[in-house]
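**Student:** Sending over a structure as structure tokens; questions will come in a sec.
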Amino acid sequence: MKREILFVLVILLGFSMSVFSQERPQIPSNLKNYAVKAEYHKLFKGNESVPEVKIPYLSINEKLFDNQAIGSTEYDIQTNKSMDTRIYFYPDGTIGAAWIYGTGSLANRGTGYNYYDGTSWGPIPTQRIETVRTGWGSYYPFNNGEIVIAHDGASNLVMNKRDTKGTGSWTQTVITAPTGAELTWPRVITVGDTIHVLSAHGGTDPYQGVGTAIIYSRSTDSGNTWEHSVLPGMGFDDGMLSYSADIYAWAKPKNGTIAFIVGNMWHDVFIMKSTDGGDSWEKIDVFKHPNPFPFDYNTPLDTTYVCDGLVALEMDNDGGMHATFGVVRVMVDDPASGMFSWFPFTSYLAYWNEGMGTINYDLDPETTDLIPVAWLMDLDNSGVLFDDFSDDWIEIPSYGNHGLVSQPQITIDDNDDIYVVFAHMNENQFLGAFCRHLWATKSTDGGQTWSDFTELTAGEDFDLRECVYPAMAKNTDEYLHLTFQADYGPGNALQDGTHAQQENDILYMKVLKTDIGLIDNSINEYNTINSVSIYPNPANDFINVNIISPVSTNAIINISNILGQQVYSESINVKAGSTNLHINVNNLPAGMYMLSLQADGNFLKTQKIIIE
């Protein structure tokens, strides 16, 4: 009987931040046309059971972070699509932050919360702030205090307020849903005593004729009474047949204007803007979908580029709108099946502002006039994107069809400088699947040009860590302030089923704005060793490791099993040029292993093989 041993060649790096400057690489045809089947309208409220694990990821939980851990959670879905801005940097230097918290059976799921008092963060919380099970807690200042609005997973919203930020008891009330609606997946902002909430109808039947209708809720008396509506321009009579969860995001209110953006794979991207506190609204079209609502109309959709449903919006100091959203290629050949194909390696991040007008043209990155903010990077400088990808979709966890370059956040500072943070799947970070890291870029000329990409989660602290769900504060000082979720398993347990349920860190990070695009560390430091190859592949009783290096150096090769137990180790001298190593593997039990090559304390590149 043949044995199958999967080796993962893991190579880490060792500095805190790096810059990457590269023209947008051509996507190889095999990756451009690599399609993954997905289920239309698969949404998570939080009542779902944990799926079966698909890949035995390699756990290395002994690492610690220099960055500030402010919380933890085993509930590892922070959103279905767009990420809520669950962090607020106050003018006095204090910070409030929230996330979806839950452990064990997740019966205790609710809002995790922590507060920075200007000197230190509070203890990592071990319970939710609500008295009942909730999800999707949305955080914002409220007068001198703060507010959190979450859903109960049934029909209503749960509101918690307190008069002083960072201290005191929370007062909890229920926001009752209008008849026929289930208010789910909320987003909140406030202006004075007025509370503005976006949510989506979580019921299976349409609300006012619209599937997963987006509902605007407003209270002008501090939450004592509420009015709910589907806004004009967003209803069935306006040709909007269906929406989805978490495909909307608020901008920070400025100078009496409030606004939010909506975007998804199956309809237009648009902005709703109000200059009178929500009494009336203007609809601004960002991108017109070439063939909207294919599942509602039962109409096939040929391959086209669309918004991936992850959107972010901000206003400049003159009230101009600036948006960024993920773009990906999709196809629907049989709408009745409830399935579609998406092409993850076609992902990129688009930027739009009001001066550009409505996008009525194709979003194909090879032909579009749209400004790309970010794209898949050839991080190992091999000249080929993801040259170690084995054509197995479990290596590219999707988080519910998020693009491989997506999860954007945007903020604009007092100088009208624009900052965008996003998650990018790194080809040089492999742990049974490719890991996502966080990157940033900025524009100092109103979005006309953008800086080089800066990797925020570079360095030893983040080697082989999955870093996702960035939430960036809309206010800044000399720093950007953000939180994100990190663990040692690419993908998530509850949505992708790519690994077992485990503890995830909620981390706080602050980044000097002047460092974005300007860090004096080259991404080429990844390439102390230029290339590593393993052959034959597949192999039987031995493997050959070929190392190409521009300099002589000392290295250590280790092989560990899935329990983290070392089963092979050898110190080697790497020569300038080519070095070959022959490793006998016929004494190893069948299973999954990690093979790591460490050179001068750093690791580089990833690769895997099958031993038969």
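Nothing in this text is a laboratory measurement; each read-out follows from the coordinates by a stated rule. All values derive from a computational prediction rather than experimental measurement. Positions of Cβ are backbone-derived with ideal geometry, glycine not excepted, and every protein chain shown enters the neighbour counts.
**Student:** Would you tally the net charge around Ile583, using a Cβ to Cβ cut-off of less than 13 Å, leaving Ile583 out, and scoring K and R as +1, D and E as -1?
**Tutor:** -2
**Student:** Still on this model: When the helices in the chain are scored as -39500 (n - 2.57) per DSSP H run of 4 or longer and the sum is shared across all residues, what 222 nm value do you end up with, to the nearest 500 deg cm²/dmol?
**Tutor:** Calculated from helices alone, the mean residue ellipticity at 222 nm is 0 deg cm²/dmol.
**Student:** To the nearest 0.05, how large is the calculated FRET efficiency for Thr103 and Leu512 if R₀ is 35 Å and r is the Cβ-Cβ distance?
**Tutor:** 0.50
**Student:** Quick one: in the range 427-481, what % of C-alpha pairs are over 20 Å apart?
**Tutor:** That tail contains 37 percent of the Cα-Cα pairs.
**Student:** Same structure again: Beyond 38 Å, what share of the Cα-Cα pairs of the chain remains, rounded to the nearest whole percent?
**Tutor:** Percent of Cα pairs beyond 38 Å in the chain: 30.
**Student:** Let me ask something additional. Applying a 10 Å radius around every beta-carbon, put 338-347, 213-222 in order of their mean neighbour count, most first.
**Tutor:** 338-347, 213-222
**Student:** Still on this structure: When N is the residue count of the range 160-261, what does its C-alpha Rg come to as a fraction of 2.2 N^0.38 Å?
**Tutor:** Ratio of Cα Rg to 2.2 N^0.38 Å: 1.14.
**Student:** Pulled fully out, how much extra length does the chain show between Asp285 and Asp302, if you take 0.36 nm times their separation in residues and subtract their Cα-Cα distance?
**Tutor:** 3.9 nm
**Student:** A further question on this structure: Residues in the range 265-283, backbone N under 13 Å from the label point at Glu227 (7 Å along the Cα-to-beta-carbon vector): list them, ranges by number please.
**Tutor:** 276-281
**Student:** For the range 20-520, build the charge dipole from Cβ charges (+1 Lys, Arg; -1 Asp, Glu) around the Cα centre, then report which of Leu431, Thr94, Met159 sits farthest towards its positive end.
**Tutor:** So the residue we want is Met159.
**Student:** If packing is taken as the average count of other Cβ atoms within 10 Å, what order do 361-369, 580-588 fall into, highest mean first?
**Tutor:** 361-369, 580-588
**Student:** With no solvent and one equal point scatterer placed on each C-alpha of the range 380-530, evaluate the Debye formula and give log10 I(q)/I(0) for q = 0.14, 0.15, 0.21 Å⁻¹, two decimals.
**Tutor:** Ignoring solvent entirely, the Cα scatterers give -0.72, -0.82, -1.39.
**Student:** Tell me, what HN-Hα J-couplings in whole Hz come from the Karplus equation 6.51 cos²θ - 1.76 cosθ + 1.60 at θ = phi - 60° for each residue of the range 286-297, using x for Gly and Pro?
**Tutor:** Once rounded to whole Hz, the list reads 9, 9, 9, 5, x, 7, x, 6, x, 6, 5, 8.
**Student:** Let me ask something else about it. Once the piece of chain linking Lys42 and Thr173 is laid out straight, how much longer is it, given 0.36 nm per residue of separation minus the C-alpha distance between them?
**Tutor:** Additional length available on full extension: 44.2 nm.
**Student:** Compute the distance in nm between two label points, each set 7 Å from the Cα along the Cα-to-Cβ direction, one at Asn554 and one at Asp92.
**Tutor:** 5.4 nm
**Student:** Could you tally the net charge around Val311, taking each other residue with its Cβ under 14 Å from the Cβ of Val311, Lys/Arg +1 and Asp/Glu -1?
**Tutor:** Net of charged neighbours comes to -4.
**Student:** If you count, for each residue, the other Cβ atoms within 10 Å and average over each peptide, how do 151-160, 307-316 line up from highest to lowest?
**Tutor:** The densest-packed peptide leads the list: 307-316, 151-160.
**Student:** Just how large is the dipole of the range 110-258 about the Cα centre, in debye to the nearest 20, putting +1 at every Lys and Arg Cβ and -1 at every Asp and Glu Cβ?
**Tutor:** Result for the range 110-258 is approximately 420 debye, rounded to the nearest 20.
**Student:** Suppose a student asked you for the relative contact order of the chain, using Cα pairs under 8 Å spaced at least 6 residues apart; what percent would you report?
**Tutor:** For the chain, the relative contact order is 19 percent.
**Student:** Now a separate question. Please find the FRET efficiency linking Asp237 to Thr367, where r is the Cβ-Cβ separation and R0 is fixed at 30 Å, and quote it to the nearest 0.05.
**Tutor:** According to the calculation, E is roughly 0.30.
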